[in-house]
Amino acid sequence: MRSAIGQPISRVDGPAKVRGQARYAGEFQPHGLVHAVLVTSTIVQGRIIAIDDSEALRVPGVMAVISHLNAPRLPWHIPEQRPVVDPKAGEPLHLFQGPEVHFNGQPVALVIAGTLEGATEAAARVQVSYAPANGVTMFDEASARPPHPDTASAGRPGTTSRGDADAALAQAAVRIDATYRQPREHHNAIEPHVTIAAWDGDHLTLYDKTQWVDNDRQEVAHALGISESQIRVISPFVGGAFGSALRTWPHVIAAAIAAREVRRPVRLELTRRQLYSGIGFRPRTEQRIALGADRDGRLQAVVHEATAQTARYEEYAETTVNTTTKAYACRNVRTAYRLADMNINSPCPMRAPGTVTGIFALETAMDELAVALNMDPLELRLRNFADHDQHQQHPWSSNELQACYRAAAEKFGWHRRPQQPGTLRHDGKQVGYGMAMTMYPANREAASASVSVFANGTALIRSAASDMGPGTYTSMTQVAAECLGLPVDKIGFELGDTDLPVAPVHGGSITMASVGNAVMAACRSVESRLIDLARAPGSGPFAGVKLADLVCRDGAVMRASGAVGEAVPYGELLRRCGLSKLDSESHAEPGEEEEQFSSSAFGAVFAEVHVDAGLGTIRVPRLVGAYDIGRVVNPKIARSQCIGGMVGGIGMALLEAAEWDARFGRVMNSNLAEYLVPVCADVGELDVTFVASDDRNFNPLGVKGVAEIAICGVAPAIGNAIYNATGRRLRDLPFTPARLLAG
């Protein structure tokens, strides 16, 4: 039978999406559904002194207005073991529990009506009076502080050090020292965040846009003070999220409160504008990178200091400096990470959180060092290749970064790059070539999956995983097809429901390494049960045959030796034994390899830019990337992930920025008209190569992550290409015409 893994199979859920049969969270229609709309604050800090809802209650169809004045008091317990996606210090926003206001855009009331139009009109009529207080709306690096000890112990320490980086920097023959800035950025997924809450007695069903149904259940249970067994969360499809749906946001709790109050199912959807304050974002970050090298380009010192904004009520921190500790071979490395408290809503993970931010600064600095050395930037990186993780002193479970360099450079035609900036022209435009290294940690978490093999020759796999677009339905189907030896069209996969076997968060590029291995384990388990069934005395077609003499292959139980004897397909075996189906469930989790190896996906990105010297406009006609992502389950879907990440990188480099007005403490371009993201005209040729890799040291399936790594490295590669085209070094994102013309 042809192997299913490694084949460019089209998405198995594609037809349902094209035909409008895929049901997203906001599309469920429980009987008696009504609508809720949030009322949000207009001050950055202070207290509510009065709420006048009299005009709102006069709107026909309005059922209730909920605020801290009449909302139920909730226990809002904090779990002893905080979810991996939650900040480790402070507390989440306790919605409608008091008059305190922490940021502009904070939900302060909720209107429920029979129609969305009625709820929207009534929400506009709610009058809220405040006693404002002075808030912090300016990003102040000088007042930044180290992370809380709980944050530091969770992998975001305030400082790390090996050797003496500052002394080595002072003695280095060649040095660069620069500051790099990245603005606040927002996810802007196509599907807004929406929750439908429906109570049946004391049991709650939530249809929610989430990347982690099990976490949704746990968080809501802790907030409401009820058992997790009383909650079911359903989220079969997610229309893009990029990290925004990892956490359980306050509006989810609000929907549950509202539904219990009016005793009807309630649908609460955030408007596009509310998404800018109702969920998180990539935090503004300023970084200093100092590099020291000898005349041959060997790194002698690396210093990386970063400061990021965070909310005052809870502490969100990122792994901004972590990549720097292991990216290159260097004996002297020091990192520092600080947080600037502001009256803002809490930031959250956004595709490649922290890592993409840190790599932007590091890889721009490496290009600047190459210029100072008069050395080819690719050669500089090759000379400083880290053959092991020098931070943890572990070998890599696998590392094909050098193969990525070679493959991408050859495809791109890097040898044509001029060393002298500003020397290439095409159609009157300045042309530049740039490149960057990229890496993203390969992580794996515990996961479970079940498999049912049916007498009609089909199989169904189940796990409470999510699919926000990377192809979970398809890739898991391929793993099951490979393991069971059945055709892909005979396999079904169900996900996104807390009634299914538990799965980890759908983020951090961990799904395939986690859920994929659980699926493989479940398939092996059911095959073992099938062999036992085939050997059963009396009914089994291989009764009396030794266990070692039977195998499962090509969807059938057969003799391992190939000796004379029939191969019995699974369906036929079940029918012979009078069974309609056979079930099995398995669990897979990391083992000792976490203590023995460091694991990461790797890559190299090369960019060509064309610059209009008069107008300052920048175009990216070509991006070439080569990636080491371990075993590639589906090259078509993996390529789709990479070109999507590349497009996101173009947006980060050239377009995306939240325009923050410190006077009001709010984002002023909180819409898709003014917050710029790439469109087709901004995207040129995107070339993706996967180098040969199979990381069985990391996990039995041999896979590593693919989603996040594709955005990392794109922005610095484009910035480095701009320098090569113009001789002007841009260190502040995005690289706009105004910044380019200002030099």
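The values are calculated or read from the model by the stated rules, or taken from the named source; none is laboratory data. Keep in mind the model is a prediction, meaning the values are calculated, not measured. Methodologically, a virtual Cβ is constructed for each residue, glycine included, from the backbone with ideal geometry; neighbour enumeration extends over all protein chains shown. Heads up: the accessible areas ignore ligands, DNA and RNA and are worked out on the full protein's heavy atoms, side chains in. Shrake-Rupley method; radii C 1.70, N 1.55, O 1.52, S 1.80 Å.
Each of Ile112, Val451, Asn70 was placed along the dipole of the chain (beta-carbon charges, centred on the mean Cα), and the one lying farthest toward the positive end is Val451.
Using only the Cα atoms of the range 92-185, each taken as one equal point scatterer with no solvent, compute I(q) by the Debye sum, divide by I(0), and report log10 of the ratio at q = 0.19, 0.24 Å⁻¹. Computed log10 I(q)/I(0) values: -1.20, -1.33.
Within the shell defined by Cβ-Cβ distances under 14 Å, the residues around His102 carry a net charge of -2, with Lys and Arg each +1 and Asp and Glu each -1. What you get for the chain, charging only the Cβ of Lys and Arg (+1) and of Asp and Glu (-1), is a dipole of about 960 debye around the Cα centre. Remark on the range 604-701: Rg and Dmax equal 17.9, 55 Å (Cα only).
By the Cα gyration tensor, the range 271-415 has an equivalent ellipsoid whose semi-axes, rounded to whole angstrom, run 32, 18, 15 from largest to smallest. Estimated from the Cβ-Cβ distance and a Förster radius of 30 angstrom, the FRET efficiency linking Val679 and Ala738 is about 0.90. Dipole magnitude for the range 587-665: computed about the Cα centre from +1 point charges on Lys and Arg Cβ and -1 point charges on Asp and Glu Cβ, it is near 580 debye. Per residue, the chain exposes 38 Å² of accessible surface when a 1.4 Å probe is rolled over the protein heavy atoms with every protein chain present. Per-residue packing, averaged as other Cβ atoms within 10 Å, sorts the ranges 647-656, 609-618 into the order 647-656, 609-618, beginning with the highest. Once the chain from Asn134 to Thr271 is taken as fully extended at 0.36 nm per residue, the excess over their C-alpha distance is 46.5 nm. Phi angles across the range 535-548 convert, under the Karplus curve 6.51 cos²θ - 1.76 cosθ + 1.60 with θ = phi - 60°, into 3J(HN,Hα) values of 8, 4, x, x, 8, x, x, 10, 4, x, 6, 4, 4, 5 Hz, Gly and Pro given as x. The accessible surface of the range 449-559, taken with every protein chain in place and a 1.4 Å probe, is 51 percent carbon and sulfur. Tell me, rounded to the nearest percent, the portion of alpha carbon pairs in the range 151-282 spaced more than 23 Å apart. Tail of the P(r) past 23 Å holds 49 percent of the pairs. Note on the chain: helix-only mean residue ellipticity at 222 nm, from DSSP H runs of 4+ residues weighted -39500 (n - 2.57) and normalised by residue number, equals -7500 deg cm²/dmol. Loop-resident GluC sites (Glu not before Pro) (DSSP state other than H, G, I, E or B) in the range 465-561 with no more than 16 further Cβ atoms inside 10 Å of their Cβ are absent.
Between the listed residues Ser525, Pro92, Val128, the Cα displaced farthest toward the positive end of the dipole of the chain, a dipole computed from Cβ unit charges relative to the Cα centre, is found at Ser525.
Find how many whole Å separate the alpha carbon centroid of the range 101-177 from the alpha carbon centroid of the range 601-673. Each part reduced to its Cα centre gives a spacing of 23 Å. Taken along its principal axes, the alpha carbon cloud of the range 10-121 reaches lengths of 56, 45, 25 Å, longest axis first.
Ratio of Rg to Rh for the chain: 1.00 [Cα atoms; Kirkwood radius as inverse mean 1/r over pairs]. Most tightly packed first, judged by the mean number of other beta-carbon atoms within 10 Å of their residues, the peptides 483-492, 362-371 read 362-371, 483-492. The charge dipole of the range 224-377, taken about the Cα centre with unit charges on the Cβ atoms of Lys, Arg (+1) and Asp, Glu (-1), comes to about 720 debye, rounded to the nearest 20. Each listed q (0.16, 0.24 Å⁻¹) maps to a log10 I(q)/I(0) for the range 256-320, found by the Debye formula over equal Cα scatterers with no solvent: -0.79, -1.04.
Tell me, for the chain, which Cys residues have no other cysteine's C-beta sitting closer than 4.7 Å. So, Cys330, Cys348, Cys404, Cys552, Cys577, Cys642, Cys680, Cys712. From the alpha carbon centroid of the range 58-99 to that of the range 719-743 is 45 Å. 3J(HN,Hα) along the range 32-45, derived from phi through the Karplus expression 6.51 cos²θ - 1.76 cosθ + 1.60 where θ = phi - 60°, amounts to x, 4, 10, 10, 10, 9, 7, 9, 10, 6, 10, 10, 8, 6 Hz, with x in place of Gly and Pro. Fully extending the segment from Thr423 to Arg58 would add 124.4 nm, taking 0.36 nm per residue of separation and subtracting the current Cα-Cα distance.
When only alpha carbons of the range 433-531 are considered, Rg and Dmax amount to 15.0, 59 Å.
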